[in-house]
1. In region 42-71, whose amide N lies under 11 Å from the spot 7 Å out along Cα-to-Cβ of residue 7? List them in ranges.
2. Between residue 48 and residue 35, what is the label-to-label distance in nm when each label sits 7 Å out along the Cα-to-Cβ direction?
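Every read-out reported here was derived from the displayed coordinates using simple, explicitly stated rules and does not represent laboratory data. Keep in mind the model is a prediction, meaning the values are calculated, not measured. Here the Cβ is made from the backbone with ideal geometry for all residues, glycine too, and neighbour counts use every protein chain on show.
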Amino acid sequence: MFVMILLKSSLFTHYFGEVSPLLVIIVFYAMAILWIHGSGFEIKTTLWRVIFLPVVGYFILIPCLSYLIWL
């Protein structure tokens, strides 16, 4: 996602500037989830594991990334 923002920055700002801010916050939340697990942080409590579940990040990020690629 970060690479898509850098490579297609004008398209990213054009399309994400028109959608609701809530969608943009959700996409960045998904990127944060995948960044936390990609860095190797170990989450010990059950509540934080549910909040930062990697599967949720993939379910959010993959459709958004495919949308940006197919513009």
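1. 69-70
2. 1.7 nm
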